[in-house]
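Accompanying notes for the structure given below.
The values are calculated or read from the model by the stated rules, or taken from the named source; none is laboratory data. For clarity, every value in this text was computed on a predicted model and none was experimentally measured. Quick reminder, even Gly has a Cβ in these numbers, built from the backbone with ideal geometry, and neighbours come from all protein chains shown. SASA here: full protein model, heavy atoms, side chains in, ligands and nucleic acids out. Shrake-Rupley method; radii C 1.70, N 1.55, O 1.52, S 1.80 Å.
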Amino acid sequence: MSHDPVLDIAGLSVAFGSLKALSDVSLSVAAGERLALLGHNGAGKSTLFKAVLGFLKPEAGRISVAGAAPGTAAARRTVSYLPEAIAFPRALTGAEVITYFAKLKGEPPAKAKALLQTVGIADAAHRRVGTYSKGMRQRLGLAQALIGRPSLLLLDEPTSGLDPISRGEFYGLIDTIAAEGAAVLLSSHSLTEVEARTDRIAILVKGRRVAEGRLADLASAAALPTVVRVKAKAIDGATLQARLGGRRLNGRSVEFDCTPGDKLALLARIASHSDIVADVEVSPPHLDDVYRYYSGLGAAGEAA
Amino acid sequence: MNGLSRIAAIAAIEFRLSARNRWVLLATLILVLFALALAFLGSGPAGERGVDALTLTAASLATLSVYLVPLIALLLSYDTIAGEIERGTLALVLATPAARGEVLFGKFLGHLAVLTLAIAIGYGVAGGALVAVHGYDPAGALAWARLMATALFLGAVFIAIGITVSAMTGRVGTAAALLVGVWLVLVVLYDLALLAGLVLDDGGIFTTHVFPILVLANPGDAFRLFNLAALEAAAPVAGIDGLARTLPFPAATALASLVIWLLLAGCAGMLRFRSLHP
């Protein structure tokens, strides 16, 4: 079993002059694993990709791409990259773009063109890229990144600007690729976007890695409350609050924060007042709340 | 081996893009039209002076090429790096096993292929038409072939300059503006300044010692000098070119100047491209 990580980053710092783009970031992605890198614009996601590609020289730290230094011939044969907002020449057809990159990567063009089928744009292979929709262009970018079965895929905000259906299909493709053994590092603005489609997430705030782990672990470590909202039958929030407690929300509702452990007891208590309770709504912490929680931590750490 | 096929792939895609974007057609049309115009509007006095039409037209086309060929070369190359940076494709290309030298050289070859086609068709058609109308003359044919070969050489220098500036600015708009400036200075203002210097100096040190070096130092002037000197006294020339023919250098020195320009521009482009962060 190869549990050596395909991508291993340790203590990486990158600076542009006096601006620290990345400070002491450590990450690793194993074969078959999907790691989502989350952060606002300017958090250092693209900088991290460029350092992994060998375009930027680290100030400190170490990057290993399948055991090779970034930017070396060995590393470049291993890694594939899909930059954010890629614009292939509009005058070329999808098939021509794929053929071109296959030649640059030393792969047979015929095999590479079959990838257009994989990403679902085989019908448009001989149309010019200028006629493609945004989703089709992203798919073409992914097909390009899949040429030669790379061990490491770097996808910089691959689904930004895609509609939910296309995004779902895109992540479906990434699932397949990871299942075939590729390590996938992708970045995104939003946790809701990557949801269940990645194995682990890492959150970058102002160039620092403020959190890293499985989403469920991060959510429970954040210990964000589940919100229980109770609605009275009549417009009688006061009676409801007098009997149950909680925060008054409006004329007929009250709201409780509770930990996952206390949830059932609270619900049982609410149920015992069914004479005046019309409805109960339970909201577990939203993914964006988790993300906001860790981003806030990072920002606070920065200020301290 | 792999490196060569990558260079070929890059050159081929650049050529294809130029063809799709109508640059090939445009460059060829411009050269055909201007060469034909010079051939048939400028060759009137040929018979009277006893100079064949090919030689005479080669002389005037050499002068016109100094303006046209660099312009076309710069138009072909100004966006080659800057455009890819703006579209985000350069990062993609550089993430592949293609080395930076291969990318730069492939692009150079691709643009050179477009220019080769344009010059071969443009000057070929005009030359063929002249032969058809005025008859074949071996000396004229040689002058014509020399003109085509050196025009391509001059174009290569300016393609290298265009690629270098494109890599240096990293923005299409800036590269275009800067290259218009480069063209104006090297092709137009430089000669005007030289003429002004000659007039002011009135046969002094500048005329005898500085001027010849300055003429050789400019790729356009070096190209024209070489062609006109090779035509010897056959064709009537005036202005800077008339003076240039009395220079204390063998004509081949002018070719060396072009080689040096090509090497310098190539090295500057490579140095810049190596340190580029896409």
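Scanning the range B:141-185 for residues that are within 24 Å of B:Val259 (Cβ to Cβ), buried (at least 18 other Cβ atoms within 10 Å of the Cβ) and not aliphatic (A, V, I, L, M) returns B:Trp144, B:Thr150, B:Phe153, B:Gly155, B:Phe158, B:Gly162, B:Thr164, B:Ser166, B:Trp183.
Within the span defined as the range A:84-102, one or more residues are polar (S, T, N, Q) and within 29 Å of A:Leu140 (Cβ to Cβ). Within the range B:12-35, being open to solvent by less than 60 Å² (accessible area, probe 1.4 Å), within 11 Å of another protein chain (Cβ to nearest Cβ) and not acidic (Asp, Glu) holds for B:Ala12, B:Ile13, B:Leu17, B:Ser18, B:Ala19.
Sort through A:Val65, A:Val25, A:Val29, A:Val6 and tell me the only one that's within 13 Å of another protein chain (Cβ to nearest Cβ), open to solvent by less than 30 Å² (accessible area, probe 1.4 Å) and in contact (Cβ under 8 Å) with a residue 24 or more places away in the chain.
Values: A:Val25 fails: within 13 Å of another protein chain (Cβ to nearest Cβ); A:Val29 fails: within 13 Å of another protein chain (Cβ to nearest Cβ); A:Val6 fails: within 13 Å of another protein chain (Cβ to nearest Cβ).
Among A:Val65, A:Val25, A:Val29, A:Val6, only A:Val65 is within 13 Å of another protein chain (Cβ to nearest Cβ), open to solvent by less than 30 Å² (accessible area, probe 1.4 Å) and in contact (Cβ under 8 Å) with a residue 24 or more places away in the chain.
Only one of the numbered conditions (1) among the hydrophobic types (A, V, I, L, M, F, W, C); (2) open to solvent by less than 50 Å² (accessible area, probe 1.4 Å); (3) under 22 Å from B:Leu94 (Cβ atoms) is not met by A:Ala122, and that is (3).
Kindly establish whether A:Ile147 is under 18 Å from A:Val29 (Cβ atoms) and either assigned by TED's automatic domain parsing to the domain that holds A:Val79 or modelled with pLDDT of 85 or more (or both). Talk me through it step by step, then tell me what you get.
Working: under 18 Å from A:Val29 (Cβ atoms): no; either assigned by TED's automatic domain parsing to the domain that holds A:Val79 or modelled with pLDDT of 85 or more (or both): yes.
So A:Ile147 does not fit the description; no.
Being over 17 Å from the mean Cα position of the chain (by Cα) and polar (S, T, N, Q) holds for only one residue in A:Ser46, A:Ser28, A:Ser18, and it is A:Ser18.
Contact map, the range A:102-131: residues that are closer than 20 Å to B:Arg87 by Cα and within 14 Å of chain B (Cβ to nearest Cβ) paired with residues that are surrounded by fewer than 16 Cβ atoms within 10 Å (Cβ to Cβ) and of a type in the set (D, E, K, R), Cβ distance under 9 Å, separation 6+ or inter-chain. Pairs shown: A:Ala102/A:Lys111; A:Arg128/A:Arg90; A:Val129/A:Arg90; A:Gly130/A:Arg90; A:Thr131/A:Arg90.
Is there a residue in the range A:225-242 that is touching a residue at least 60 places away in the same chain (Cβ under 8 Å) and among the small types (Gly, Ala, Ser)? Spell out the reasoning first.
First, pick out the residues of the range A:225-242 that are touching a residue at least 60 places away in the same chain (Cβ under 8 Å): A:225.
Still in the running and among the small types (Gly, Ala, Ser): none.
The answer is no; no qualifying residue exists.
Could you tell me whether any residue of the range B:108-122 is surrounded by fewer than 24 Cβ atoms within 10 Å (Cβ to Cβ) and aromatic (Phe, Trp, Tyr)? Give the derivation first.
Taking the range B:108-122 and keeping what is surrounded by fewer than 24 Cβ atoms within 10 Å (Cβ to Cβ), we get B:109, B:112-113, B:116-117, B:120-121.
Subsequent filtering for residues that are aromatic (Phe, Trp, Tyr) retains none.
Taking every residue of the range B:108-122 in turn, none turns out to be surrounded by fewer than 24 Cβ atoms within 10 Å (Cβ to Cβ) and aromatic (Phe, Trp, Tyr).
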